[in-house]
Amino acid sequence: MSTSFDEIRDLFLSKIIDYDFASLDETDINSIFDKYLASAIPKFRYCRKNLYDRDNMTRVFNETLSDTEKDILSTLCVIQWMETQINNIEEFRNHLSTKDFNIFSPANHLKEIRSTKKELENKVDSQMNYYLFDIKSSEVGVSD
């Protein structure tokens, strides 16, 4: 049995609003998502499945992941996506004067993104802790 990257991608896309993704074709979306996933995998500490046992060409994990494992991975991908949003705003700020930056209020937007990212990091840490101690969450098809 295996789990497709697309299952995790679809969960990821349901958790974000990014109109840039709407203008991309599936190949481009997958290319971007796969980078988020590659960054997210090492952050899923103590996963009971071997997330490194995967085929990047066919975009599948060689093990079947539980709903909990898929959800944790998709949330970690959201955090990776948020990093890019923060970096984009930081880059934008570097090109504007302080006055311009405050007029357009990206500073407030950046603050909110950082706050939301921190909340997500706390949430996914809690999810991983529950997962670590909940034997049922490693069973395929068992949802929380």
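The values are calculated or read from the model by the stated rules, or taken from the named source; none is laboratory data. Since this is a predicted model, take the numbers as computed values, not measurements. Cβ sites come from the backbone with ideal geometry, for glycine too, and all protein chains shown count toward neighbours.
Does segment 21-37 contain any residue that is closer than 24 Å to N129 by Cβ and of a type in the set (G, A, S)?
Filtering segment 21-37 for residues closer than 24 Å to N129 by Cβ gives 36-37.
From what is left, the residues that are of a type in the set (G, A, S) are none.
Looking through segment 21-37, none of the residues is closer than 24 Å to N129 by Cβ and of a type in the set (G, A, S).
Applying the selection to segment 5-60, what residues are among the aliphatic types (A, V, I, L, M) and either closer than 14 Å to Q80 by Cβ or assigned to a helix (DSSP H, G or I) (or both)?
Here is the first cut: in segment 5-60, the ones among the aliphatic types (A, V, I, L, M) are 8, 11, 13, 16-17, 22, 24, 29, 32, 37-38, 40-41, 51, 57, 60.
Passing the criteria: I8, L11, L13, I16, A22, I29, I32, L37, A38, A40, I41.
If you scan segment 61-75, which residues turn out to be closer than 24 Å to F21 by Cα and assigned to a loop (DSSP other than H, G, I, E, B)?
Correct list: empty.
When residues of segment 56-69 are filtered for being surrounded by 10 or more Cβ atoms within 10 Å (Cβ to Cβ) and without any contact (Cβ under 8 Å) to a residue 24 or more places away in the chain, how many remain?
Kept after step one, since they are surrounded by 10 or more Cβ atoms within 10 Å (Cβ to Cβ), are these residues of segment 56-69: 56, 58-69.
Then drop every residue that is not without any contact (Cβ under 8 Å) to a residue 24 or more places away in the chain, which leaves 56, 58.
Residues flagged as surrounded by 10 or more Cβ atoms within 10 Å (Cβ to Cβ) and without any contact (Cβ under 8 Å) to a residue 24 or more places away in the chain within segment 56-69 amount to 2.
Which ones in segment 1-14 are closer than 20 Å to M57 by Cβ, among the aliphatic types (A, V, I, L, M) and surrounded by 13 or more Cβ atoms within 10 Å (Cβ to Cβ)?
Of everything in segment 1-14, just one residue is closer than 20 Å to M57 by Cβ, among the aliphatic types (A, V, I, L, M) and surrounded by 13 or more Cβ atoms within 10 Å (Cβ to Cβ), namely I8.
Kindly indicate whether any position in segment 76-83 is modelled with pLDDT under 95, part of a loop (DSSP other than H, G, I, E, B) and over 16 Å from F5 (Cβ atoms).
No.
Filter segment 15-46 down to residues that are out of contact with any Leu (no Cβ under 7 Å at 6 or more places or on another chain) and in contact (Cβ under 8 Å) with a residue 60 or more places away in the chain and give me whichever is surrounded by the fewest Cβ atoms within 10 Å (Cβ to Cβ).
R45
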